[in-house]
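The values are calculated or read from the model by the stated rules, or taken from the named source; none is laboratory data. Model, not experiment: these values are computed from the prediction. Cβ sites come from the backbone with ideal geometry, for glycine too, and all protein chains shown count toward neighbours.
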Amino acid sequence: MKTFACLLTVAQLIVSPAGAHSWYPKECCSDNDCRPVPCAELTKINLGLMWRRSVICNDTQTRDSRDQFCHVCIKSHAGLDLPICVFIPLVTS
């Protein structure tokens with residue numbers, strides 16, 4: 001039974017990121033620009049949200065996540081990560 005639970009967890013981890021691509025808006029993702037990230041990697045700053053201390057997404061690039069996870073959409077070009085969109089979960093009280 002423990003083996004089954006472990007395999008189920010691994011299967012969910014493998015399928016979850018791929019399944020998220022179905023709801024990313026086209027203007028944010030070209031099937032490989034977006035990925036789930038730990039919300040702890042995002043920091044609120046005056047200009048918007050910063051990811052990994054280098055990529056800044058302004059308020060117009062910030063969207064509501066359709067699941068309980070954070071996601072970033074980044075286009076890599078010439079060694080730079082250019083922000084497209086960032087998704088954060090809605091805060092509920």
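Every residue, every condition in (1) at pLDDT 85 or above; (2) over 15 Å from the mean Cα position of the chain (by Cα); (3) of a type in the set (A, V, I, L, M, F, W, C), yes or no:
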position	(1), (2), (3)
Thr9	no, yes, no
His21	no, no, no
Pro36	yes, no, no
Glu41	yes, no, no
Asp59	yes, yes, no
Gln68	yes, no, no
Phe87	yes, no, yes
Within segment 31-72, restricting to residues that are surrounded by fewer than 14 Cβ atoms within 10 Å (Cβ to Cβ) and among the hydroxyl-bearing types (Ser, Thr, Tyr), the one that is nearest to Val91 (Cα to Cα) is Thr43
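For (1) within 10 Å of Phe87 (Cα to Cα); (2) in a strand (DSSP E or B), each residue gets a yes or a no:
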| position | (1), (2) |
| --- | --- |
| Ser30 | no, no |
| Ala40 | no, no |
| Met50 | no, yes |
| Arg53 | no, no |
| Ile56 | no, yes |
| Arg63 | yes, yes |
